[in-house]
Amino acid sequence: MKFAYVCKDVALTPAMKEACEEKLSKFDRYFRSSGEVKCVVTIQILSNRLKAVEAALSTVDGVYLRAKTKNEDFYNALDVLAEKLDGQLRKMKTQLSRLNKVNSLSQNFDLENIKDEEEDERDFEIVRRKTLSLAPMTVDEALARMDALGHSFFIYLDSTTGLVNVLYERDDHGYGVIEIEKQ
């Protein structure tokens with residue numbers, strides 16, 4: 001596993017780096033990848049003593065896991081982060097085993113190494129479907145509509161590219177755009 005660190009308003013100490021690599025390197029064995037698994041760890045001071053720790057694991061095959069947590073103690077935040085990633089993997093294993101498809105995301109994971117999901121967690125269920133008719137607009141128009149609706153995301157048809165985009169509000173109260181590419 002290849003580690004990269006992004007530190008915002010905090011200096012990365014050797015002890016912090018060692019703790020991250022010790023806690024997160026175990027996730028390497030869960031992936032079947034033709035390339036190396038990358039782990040980007042973001043450490044940030046939010047206010048006085050509150051620290052945010054985020055880990056994003058990705059492979060060249062397009063598999064992506066991400067978790068984020070906040071805590072006053074960096075090492076406790078790292079423990080919670082590892083538990084969140086474990087939970088995501090268990091939930092994904094349960095969902096993939098239910099799908100039972102040969103050509104699916106399950107080819108990218110070594111499912112035998114992932115612990116089974118605990119029985120008390122809720123099953124995945126779609127409780128509502130919506131249909132959208134997308135009108136072409138600029139990102140500024142989409143932002144205005146998203147704010148007017150009070151939503152944290154907005155799907156729109158970009159008037160310059162003609163492609164579907166997703167505008168969303170980030171945790172840092174900024175905005176992001178996911179641009180969908182044609183394949």
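The values are calculated or read from the model by the stated rules, or taken from the named source; none is laboratory data. The model shown is predicted, which means the values in this text are computed figures rather than measured ones. Cβ: placed from backbone, ideal geometry, glycine included. Neighbour counts: every protein chain shown. Accessible surface is based on the protein model in full, side chains and every heavy atom, while ligands, DNA and RNA are left aside. Shrake-Rupley method; radii C 1.70, N 1.55, O 1.52, S 1.80 Å.
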Exercise. Counting only residues that are open to solvent by 40 Å² or more (accessible area, probe 1.4 Å) and within 17 Å of Lys8 (Cβ to Cβ), how many does the range 55-85 have?
Worked result: 5
Exercise. Does Thr94 fit the bill of being at pLDDT 85 or above and among the hydroxyl-bearing types (Ser, Thr, Tyr)?
Worked result: no
Exercise. Quick check, is Lys101 basic (Lys, Arg), in a loop (DSSP other than H, G, I, E, B) and modelled with pLDDT under 65?
Worked result: yes
Problem set entry | Close pairs (7 angstrom Cβ cut-off, 6 or more residues apart or separate chains): basic (Lys, Arg) in the range 59-81, open to solvent by 70 Å² or more (accessible area, probe 1.4 Å) and modelled with pLDDT under 90 anywhere | Lys70/Leu46
